[in-house]
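Here's the structure, in structure tokens; my notes come after.
The values are calculated or read from the model by the stated rules, or taken from the named source; none is laboratory data. Everything numeric here is computed off the predicted structure, so don't read it as measured data. Neighbour counts run over all protein chains shown; Cβ positions are idealised from the backbone, glycine included. All accessible areas refer to the heavy atoms of the entire protein, side chains included, with ligands and DNA or RNA removed. Shrake-Rupley method; radii C 1.70, N 1.55, O 1.52, S 1.80 Å.
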Amino acid sequence: MISKFIFNNQYLFDELPEHDKNLLIGAMKTKNYRKNDAIFTDGTKPNGIYYLNEGKIKKYKVDNDGREQIIYIYSSGEFFGYSAILSNESYGDTTSTLENSVISFISKDNFLEILSQSSVFSRLLLKSLSHEFSVMANLIAVLSHRTVRERAALSLLILHDKYKSGNHDDEVLISLSRVDLANMVGTARETLARILNDFKQENLIKTEGRKIQIIDHKKLIHVANFY
């Protein structure tokens, strides 16, 4: 069930033929980013797409009161920023780094040229956009009718998947600031702190500084109330 709420497009690169991969790699310009660096901002015009080699990126909206609502977190191996180019619109959200990251940029012209040459890449992008829409629809439907406690549980389960990176489930550490986690859950930091403390008392999670480890998946799924 958790897969309904997790968007991941790592297959975009993995499933491409070698020739198409080489086209993308040849067009990439790679740059190192520090934690909290902005990649692009809501309302600006796109001039290319991005590929995350290393690190974590948050995608978020800012409301009229200046509060962030984190929509999604990208992990290494994912493309981002392409939907605005395909729809010929401005960016509808903002992205910035959650940690030091290595990101490759492909210009708009190169991206569209490669897209015209690769039917496989076109098909995979369409699949990715469809998947992203489905996940966002599921999240909106669920989170708008869930308590903060349920949203916190679901957010931790989603983050667990994003931070796996091939590790065994019992070794996954979610390293996210409490401010960012609160913005993902959609609550105040103080409320989140109380809920995390409750989860610890119930032996659902354990913490080490800012790092969180889930120790009872089944019970946390039950708390999330989406099974």
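Here is how the numbers come out for the structure above:
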quantity: Criterion: at pLDDT 95 or above, open to solvent by less than 70 Å² (accessible area, probe 1.4 Å) and in contact with a helix residue (DSSP H, G or I) (Cβ under 7 Å, 6 or more places away or on another chain) - qualifying residue of Ile57, Ile49, Ile39; calculated: Ile49
quantity: Every pair of residues 6+ apart whose Cβ atoms lie under 7 Å, when the first sits in the stretch 201-223 and is in contact (Cβ under 8 Å) with a residue 60 or more places away in the chain and open to solvent by 20 Å² or more (accessible area, probe 1.4 Å) while the second is assigned to a helix (DSSP H, G or I) and among the hydrophobic types (A, V, I, L, M, F, W, C); calculated: Ile221/Leu157; Val223/Ala153
quantity: Options Arg194, Arg151: the member that is open to solvent by less than 40 Å² (accessible area, probe 1.4 Å), assigned to a helix (DSSP H, G or I) and charged (D, E, K, R); calculated: Arg151
quantity: The stretch 60-93 - residue that is open to solvent by 50 Å² or more (accessible area, probe 1.4 Å) and either small (Gly, Ala, Ser) or over 24 Å from Arg151 (Cα atoms) (or both) and, of those, modelled with the lowest pLDDT; calculated: Gly66
quantity: Residue ID - farthest from the chain's Cα centre (by Cα), chosen from residues in the stretch 1-36 that are within 24 Å of Ile140 (Cα to Cα) and surrounded by fewer than 17 Cβ atoms within 10 Å (Cβ to Cβ); calculated: Met1
quantity: Set Leu112, Leu12: member being outside any strand (DSSP E or B) and either among the polar types (S, T, N, Q) or touching a Ser or Thr at 6+ places or on another chain (Cβ under 7 Å) (or both); calculated: Leu12
